[in-house]
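Please read the structure below before turning to the comments.
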Amino acid sequence: MIFMEKLRLSAQVEKKLSKGIVLLEKDDLPTAKTENGLVQLISQSGQLLATAYLSEQHKGIGWVISTDDIELTQSFFEALFTKARESRLAYINDTSTTAYRLFNQEGDGFGGFTVDRYGDFVIFSWYNAFVYSIKNRIVEAFKVVFSDLSGAYEKYRFKGAERQAGHLYGAKAPETFEVLENNVKYQIFLNDGLMTGIFLDQHEVRGRLVDGLAAGKSVLNLFSYTAAFSVAAAMGGAKQTTSVDLAKRSVELSEAHFKANGLDILNHKLKVMDVFAYYRYAKRHDLTYDVIVIDPPSFARNKKQTFSVSKDYHRLVSEAVAILNPNGILILSTNASNLSVEQFQKQINKGFGGKPYQVLSLDQLPADFKINKNDERSNYLKVFTIKVG
């Protein structure tokens, strides 16, 4: 029996846990002494409410694991992975898409790590020091359940990690290789920092572009990273795309996606620019677009300014409306977990300044990104597709 610190919860935190919220925050446990380990959460009346672990990470200081007194054995994780695999059989059996999430933190029963599949390889992302400390039993359990995969890599997404990425087990992937998503090819790299070449949580939105949302249209893709939205639009019949990102490397990575699909790069412009600078450039040159995709990081800083989704997204919208063709479409996205759907729509409304628009769809996380339905922060992705005019 491992000794665990017992933490008596306030009535307020007890109520929070009763609602099914499993992310623990600093204010929930102000007297906790444990830094990277298991704890027992006790009610005001002295009853065991849950087993949890504490370990500081980007969001919160730990996670509730179970309402029982449990041990984190390999068998415990094998059961979690078996359930996760069964819930993703539709993806596993879909030959048109070979990249998706296999395990998604609290949505699959254990916060603090994710597992993403890219063809025959997977990436484990560790979000705190505690899960990293028990990674061997997690990985061994994964191997049992997903024995058909060739090899694994890992990404370290917590403070104090000595490096960002590394090979974990099995075969090593080529320096770059292709995966499919909606029958579109994307070039992937697994051992080059935290990025991989594509954000998997947007595959349904890109799927709509592949299915013809931008057919015959001109597309502007802002904060484009590797231009995955542009490639999807081009494969769906877009006549021209322009992808804008401040990172110089985005050009090389974007070109790789276009070339993998046999697309003529002459019809697809890649601009290394600040987005607001590109807005000014477009106005000077009388450039307008039929579809504009806006998917910024939650927070960004360059030499001249900072940008925060919660405060500044409306500026992106108002500038986009000014260069959008009549009956144009805006695809407005954020992955900010601290911003609710309602708060995000307020930013959008502020950007429109009272002008009318029609919401065609609201997308959130796809089914492979399982969520905790009791905590809206778990469903962090919000994508409004809007028709203007």
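Between a first residue in the range 281-294 that is under 20 Å from ALA233 (Cα atoms) and a second residue that is assigned to a helix (DSSP H, G or I) and open to solvent by 10 Å² or more (accessible area, probe 1.4 Å), which pairs have beta carbons less than 8 Å apart while being 6 or more apart in sequence or on different chains?
Cβ pairs passing all conditions: LEU287/TYR281; VAL291/LEU213; VAL293/PHE229.
Give the residues of the range 80-92 that are loosely packed, with under 14 Cβ neighbours inside 10 Å and among the aliphatic types (A, V, I, L, M), sorted by residue number.
LEU89, ALA90
Could you count how many residues in the range 141-161 are of a type outside the set (Gly, Ala, Ser), more than 23 Å from the chain's Cα centre (by Cα) and part of a loop (DSSP other than H, G, I, E, B)? Reasoning before the result, please.
Filtering the range 141-161 down to residues of a type outside the set (Gly, Ala, Ser) leaves 142-146, 148-149, 153-159.
In the following step, the residues that additionally are more than 23 Å from the chain's Cα centre (by Cα) were identified as 143-145, 148.
Pick out the ones that are also part of a loop (DSSP other than H, G, I, E, B) and you get 148.
Going through the range 141-161 one residue at a time, the tally reaches 1.
What is the number of the single condition among (1) surrounded by fewer than 19 Cβ atoms within 10 Å (Cβ to Cβ); (2) of a type in the set (Asp, Glu); (3) within 21 Å of GLN57 (Cβ to Cβ); (4) at pLDDT 95 or above that GLU154 does not meet?
Status for GLU154: all satisfied but (1).
For GLY212, all conditions in the list (1) surrounded by 23 or more Cβ atoms within 10 Å (Cβ to Cβ); (2) more than 30 Å from LYS155 (Cα to Cα) hold save one; what is the number of the exception?
(1)
Name the residue, out of PHE110, PHE124, that is closer than 23 Å to GLU35 by Cα, outside the structural domain of ARG206 (by the TED database) and either among the aliphatic types (A, V, I, L, M) or assigned to a strand (DSSP E or B) (or both). Show your work before the answer.
Values: PHE110 fails: either among the aliphatic types (A, V, I, L, M) or assigned to a strand (DSSP E or B) (or both).
None of the others qualify; the one that does is PHE124.
Filter the range 128-151 down to residues that are in contact with a strand residue (DSSP E or B) (Cβ under 7 Å, 6 or more places away or on another chain) and of a type in the set (Gly, Ala, Ser) and give me whichever is surrounded by the most Cβ atoms within 10 Å (Cβ to Cβ).
Ranking the qualifying residues of the range 128-151, first place goes to GLY151.
For the range 366-389, which positions are touching an Asp or Glu at 6+ places or on another chain (Cβ under 6 Å) and among the hydrophobic types (A, V, I, L, M, F, W, C)?
Within the range 366-389, PHE369, LEU381, VAL383 meet the criteria.
For the range 319-371, give me the residue count where each residue is part of a helix (DSSP H, G or I), within 30 Å of PHE103 (Cβ to Cβ), open to solvent by 50 Å² or more (accessible area, probe 1.4 Å) and not charged (D, E, K, R).
Taking the range 319-371 as the starting set, the residues that turn out to be part of a helix (DSSP H, G or I) are 319-322, 341-352.
Adding the requirement that they be within 30 Å of PHE103 (Cβ to Cβ) leaves 341-344.
Next, from what is left, pick out any that are open to solvent by 50 Å² or more (accessible area, probe 1.4 Å): 342-343.
Next, from what is left, pick out any that are not charged (D, E, K, R): 343.
Result for the range 319-371: 1.
I'm trying to understand the selection: among the residues of the range 157-189, which are within 26 Å of ARG88 (Cα to Cα), acidic (Asp, Glu) and open to solvent by 20 Å² or more (accessible area, probe 1.4 Å)?
GLU178
Looking at the structure I just gave you, is SER45 of a type outside the set (Asp, Glu), closer than 26 Å to ASN104 by Cβ and surrounded by fewer than 12 Cβ atoms within 10 Å (Cβ to Cβ)? First the steps, then the outcome.
Values: of a type outside the set (Asp, Glu): yes; closer than 26 Å to ASN104 by Cβ: no; surrounded by fewer than 12 Cβ atoms within 10 Å (Cβ to Cβ): yes.
Criteria not met by SER45.
Can you find a residue in the range 44-57 that is of a type in the set (Phe, Trp, Tyr) and within 20 Å of the chain's Cα centre (by Cα)?
Going through the range 44-57, the residues of a type in the set (Phe, Trp, Tyr) turn out to be 53.
Subsequent filtering for residues that are within 20 Å of the chain's Cα centre (by Cα) retains none.
Looking through the range 44-57, none of the residues is of a type in the set (Phe, Trp, Tyr) and within 20 Å of the chain's Cα centre (by Cα).
The values are calculated or read from the model by the stated rules, or taken from the named source; none is laboratory data. Not measured: the values here are computed from a predicted model. Cβ sites come from the backbone with ideal geometry, for glycine too, and all protein chains shown count toward neighbours. Note: accessible area is taken over every heavy atom of the protein model, side chains too, but ligands, DNA and RNA are not part of it. Shrake-Rupley method; radii C 1.70, N 1.55, O 1.52, S 1.80 Å.
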